[in-house]
1. Could you list, bin by bin from short to long, the percent of Cα-Cα pairs of the stretch 86-195 in 10 Å steps?
2. For the stretch 134-204, state what percent of all Cα-Cα pairs lands in each successive 10 Å bin, counting from 0 Å until the bin that includes the largest distance.
3. Working out 0.36 nm times the residue gap between Arg26 and Gln128, then minus their Cα-Cα distance, what length gain in nm do you get to one decimal?
4. Taking the Cα centre of the chain as the origin, how large is its charge dipole in debye, to the nearest 20, when only Lys and Arg (+1) and Asp and Glu (-1) carry charge on their Cβ atoms?
5. Quick one: putting +1 on the C-beta of Lys and Arg, -1 on the C-beta of Asp and Glu, what dipole do you get for the stretch 4-123 around its Cα centre, in Debye to the nearest 20?
6. Can you list the GluC sites (Glu not before Pro) in the stretch 148-212 that are in a DSSP coil and have 16 or fewer other beta carbons within 10 angstrom?
7. Distance from the Cα centre of the stretch 6-67 to that of the stretch 111-178, in angstrom?
8. Considering the chain, what Rg and Dmax in Å follow from its alpha-carbon atoms?
Amino acid sequence: MIQQSDLPDTIAIFPLSGALLLPRSRLPLHIFEPRYLQMIEDSLKTPGRLIGMVQPNVVPGREGPGLQTIGCAGRITQFSETEDGRYMITLAGISRFRVVKEVEGFAPYRRCDVNWDGFERDLGKDEQDSSFDRDNFLNTLGRYFDARNLSADWDTLQEADDELLINSLSMMLDLDCEDKQALLEAPSLSTRRETLLTLIEYTLRGGQEGEMMN
């Protein structure tokens, strides 16, 4: 098991809007921009093969996008190259981190000094949600899917472990960047589940206060 002391002080950063990576979850990515192709090649040469996924953050008066202060680092666990030079990778979520400062250098991609303190739980075993009302959650999710004309394998959703279900939906559902960030920053699985349910219910209300759609 990875220890917090094994994690580097500086990592490559991939600021991808709307892409959420969570600890112990997997995120497939299609890499084609030259600077990020270089980032993958460089990361594969390091012992940890880590890349930090961070939501961009628009800062007034700043040239170019800023970064949210909290991201999640993933280890490259799968890698393949297409005939035209693109990369298909999978990141396995390792731990969240706080951005300390951006590091200047000659790399074409962004790099940051990061701090891992406060996220020790990310390196442990899967979380359980003892207060999870799965039936109520799935009923609400079903209405959301119907409203969006989406389909799902309900048997798989019913049988999935708490963390796999909540984290997978947090990563996959079409939510705003701010909502994705709130899910990332949730201090526990139960808090993430409560946040996700609130966001789903808000969407069902059409983003307005009032009665939920039937």
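Bear in mind these aren't lab numbers, they're just calculated from the coordinates by the rules spelled out. Computed from a predicted model, the values in this text were never measured in an experiment. Every residue, glycine as well, gets a Cβ built from its backbone with ideal geometry; the counts of neighbours run over all protein chains shown.
1. Calculated over all Cα pairs of the stretch 86-195, the distribution is 11, 36, 33, 15, 6, 0 percent.
2. Per 10 Å bin, starting at zero, the Cα-Cα P(r) for the stretch 134-204 comes out as 19, 59, 22, 0 percent.
3. Values: separation 102, 0.36 × 102 = 36.72 nm, distance 1.81 nm.
Fully extending the segment from Arg26 to Gln128 adds 34.9 nm.
4. Working: 22 positive and 36 negative charges, 119 e Å.
Magnitude of the dipole: close to 580 debye.
5. Values: 14 positive and 15 negative charges, 64 e Å.
I would put it at about 300 debye.
6. Values: sites: Glu159, Glu163, Glu178, Glu185, Glu194, Glu201, Glu209, Glu211; in loops: Glu209, Glu211.
For GluC sites (Glu not before Pro) across the stretch 148-212 that sit outside H, G, I, E and B with at most 16 neighbouring Cβ atoms in 10 Å, the list reads Glu209, Glu211.
7. About 21 Å separates the Cα centre of the stretch 6-67 from the one of the stretch 111-178.
8. Rg and Dmax of the chain, Cα atoms, are 18.2, 55 Å.
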